[in-house]
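The structure appears below as structure tokens.
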Amino acid sequence: MPFLGNITYGDAARMTADEIDRLRATYKASVSNVDAQLGRLLDEVERLGLAGSMTVMLVADHGILLGERDWVGKSAWRLGRQMAHVPLIVRQPGADGGRESDWFADTPDVPPTLMALAGLAPPRRFQGSDLTPIIHGDEPPEERDMTYGGYANDFYVRDGRWVLVSDNLMRSSQLYDLQADPDERYDISADKPH
């Protein structure tokens with residue numbers, strides 16, 4: 001599968017350090033281009049006089065590995081923060097800007113949040129939470145002390161301290177202590193068997 005030109009998903013060892021650096025620079029340029037295009041869109045919204053009545057939400061479904069975890073691209077068996085920690089950015093008229101939250105928001109939170117921002121009540125069958133309290137600087141809607149995600153037959157689960165990555169049958173588990181290892185570099189699963 002092609003990725004950033006002629007680079008394909010696969011083992012990072014097949015690339016030189018210079019190629020990895022070029023790949024990362026190209027990715028950063030791609031992100032800068034998206035940022036510039038989003039800026040153009042928001043400028044047009046402002047020019048049309050819609051900024052005071054339009055909510056804009058930016059969200060991604062996963063990140064990408066650029067040599068981290070010895071891989072280039074996405075990989076079910078190399079899940080980690082590079083793939084799981086993705087942006088959820090909301091621009092809401094009348095809300096103070098520049099606020100961050102470390103609450104574990106998730107993709108299912110997008111529909112009920114957008115509905116609430118539009119003044120609609122989300123259906124009960126929605127599994128996500130309405131994030132408007134966080135957007136408006138209030139307390140999160142409820143306690144959420146962990147987050148979970150998966151890809152193919154593998155999963156990534158984390159709380160404020162621990163990260164567990166494994167296949168669904170727990171055959172290839174990795175465990176990381178975020179207090180001692182915030183970059184998830186040292187698998188300590190052998191020291192703490194499940």
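General observations
- Identity of the residue in the range 74-96, hydrophobic (A, V, I, L, M, F, W, C) and farther than 30 Å from residue 52 by Cα, that ends up most open to solvent (accessible area, probe 1.4 Å): 77
- One residue stands out in the range 138-180 among those that are modelled with pLDDT under 90, open to solvent by 50 Å² or more (accessible area, probe 1.4 Å) and of a type in the set (Gly, Ala, Ser): the one that is nearest to residue 85 (Cα to Cα), namely 150.
- Among the residues making up the range 110-129, those that are closer than 18 Å to residue 61 by Cβ and part of a helix (DSSP H, G or I) are 110, 111, 112, 113, 114.
- The set of residues in the range 65-98 being β-branched (Val, Ile, Thr), within 20 Å of residue 28 (Cβ to Cβ) and modelled with pLDDT of 85 or more consists of 72, 89.
- When residues of the range 1-15 are limited to those that are exposed (fewer than 14 other Cβ atoms within 10 Å of the Cβ) and out of contact with any helix residue (DSSP H, G or I) (no Cβ under 9 Å at 6 or more places or on another chain), the one modelled with the highest pLDDT: 14
- The listed residues are 187, 191, and the only one of them that is open to solvent by 60 Å² or more (accessible area, probe 1.4 Å), in contact with a Leu (Cβ under 9 Å, 6 or more places away or on another chain) and either outside any loop (DSSP other than H, G, I, E, B) or at pLDDT 90 or above (or both) turns out to be 187.
The values are calculated or read from the model by the stated rules, or taken from the named source; none is laboratory data. All figures in this text were calculated on a predicted structure; none of them were measured in a lab. Every residue, glycine among them, receives a Cβ derived from its backbone with ideal geometry; neighbour counts consider all protein chains shown. Protein only, heavy atoms only, side chains kept; ligands, DNA and RNA dropped before computing areas. Shrake-Rupley method; radii C 1.70, N 1.55, O 1.52, S 1.80 Å.
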